[in-house]
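Taken together, the values in this text are just the output of simple stated rules run on the coordinates, not laboratory data. These numbers come from a predicted model, not from an experiment. So basically every Cβ, Gly included, is an ideal-geometry build from the backbone, and we count neighbours across all protein chains shown.
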Amino acid sequence: MAFCCLCENNVDAWVPHPARAQRSPFMVLMGTVGSDLAVYGCPHCGCNDRDRHLWMYMAAAGLPEQLAGKRILHLAPEASLEPRLLACQPAEYVRGDLFPARADIRRVDAEAIDFEDGRFDLIIANHLLEHVRHPERALAEFARCLAPGGVLIAQTPYAPALKHTFELATPPSEDFATIYYGQVDHVRLFGGDIGALFNAAGLTGSLVPHAQMLGDFDPLDFGCNGREPFFAFSKPVAELEVA
């Protein structure tokens, strides 16, 4: 019996993504890691596989128990995750988006975040970097806004078979983006160098495989993509200078 970790209901069958059959052949050939469209939706709460996997990773890392009294910036906030994060009793929970869809979501440009240095203990930017024009600027802003020891979680689709990120020098056409980036509003396909981009922004960490974090959890039973790693990076705590 499958189980949704967000609504905590047993699931007879996951709901496939309606566009599953229309996935770009190029994305298939490249072995792109992202959403698993076959186990996409929960029939009870409507959350998707990326939401479930993210919460499972956070729980396995012990993050929910550490968030009481902390400050969270949640960009492009997933509605299914908001109640879970609020239940952790953070001191501040800011929802942000470049194009806010609700009154309680603040306008935040990931490439120019209007908050002071070191404001947040956790920044969640799930499936955002494939949309921004300059991901290096966004990562630099995330690093700036994190407090020392703070954590950035920023899942994004990528193709491990690519040695380097695949991106045009100019904005792609809709047809090009759909075929080569997998979605009309994506502006790149990250490659095997994705972890180095985080490290170049001054963040430590790596892509942690599902089997290492969640080895006891069958991806099909919990409706997630077992090939998607956990993108967990942190801002180093500066060492005290010795007089």
Quick one: in the range 134-188, which of the residues that are touching a helix residue (DSSP H, G or I) at 6+ places or on another chain (Cβ under 9 Å), among the small types (Gly, Ala, Ser) and farther than 30 Å from Lys70 by Cα is surrounded by the fewest Cβ atoms within 10 Å (Cβ to Cβ)?
Ala161
Inside the range 226-243, can you point out the residues that are under 27 Å from Asp36 (Cβ atoms) and surrounded by 19 or more Cβ atoms within 10 Å (Cβ to Cβ)?
Glu228, Pro229, Phe230, Phe231, Ala232, Phe233
Only one of Val11, Val15, Val94 is surrounded by fewer than 22 Cβ atoms within 10 Å (Cβ to Cβ), touching a Cys at 6+ places or on another chain (Cβ under 8 Å), without any contact (Cβ under 8 Å) to a residue 40 or more places away in the chain and of a type in the set (Val, Ile, Thr). Can you tell me which?
Val15
Looking at the range 41-79, which of its residues are among the small types (Gly, Ala, Ser) and either closer than 21 Å to Pro229 by Cβ or over 15 Å from the mean Cα position of the chain (by Cα) (or both)?
Gly41, Gly46, Ala59, Ala60, Ala61, Gly62, Ala68, Gly69, Ala76
For the range 16-40, enumerate the residues that are more than 21 Å from the chain's Cα centre (by Cα) and closer than 23 Å to Ala59 by Cβ.
none
Quick check: is even one residue across the range 161-172 within 26 Å of Met56 (Cβ to Cβ) and either touching a residue at least 24 places away in the same chain (Cβ under 8 Å) or touching a Lys or Arg at 6+ places or on another chain (Cβ under 9 Å) (or both)?
yes
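Here's the yes/no breakdown for (1) farther than 23 Å from Val184 by Cα; (2) touching a Leu at 6+ places or on another chain (Cβ under 6 Å); (3) without any contact (Cβ under 8 Å) to a residue 24 or more places away in the chain:
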site: Ala101; (1), (2), (3): no, no, yes
site: Asp104; (1), (2), (3): yes, no, yes
site: Leu129; (1), (2), (3): no, no, no
site: Val132; (1), (2), (3): no, no, no
Filter the range 162-174 down to residues that are under 20 Å from Leu98 (Cβ atoms) and either part of a loop (DSSP other than H, G, I, E, B) or basic (Lys, Arg) (or both), then give me how many there are.
3
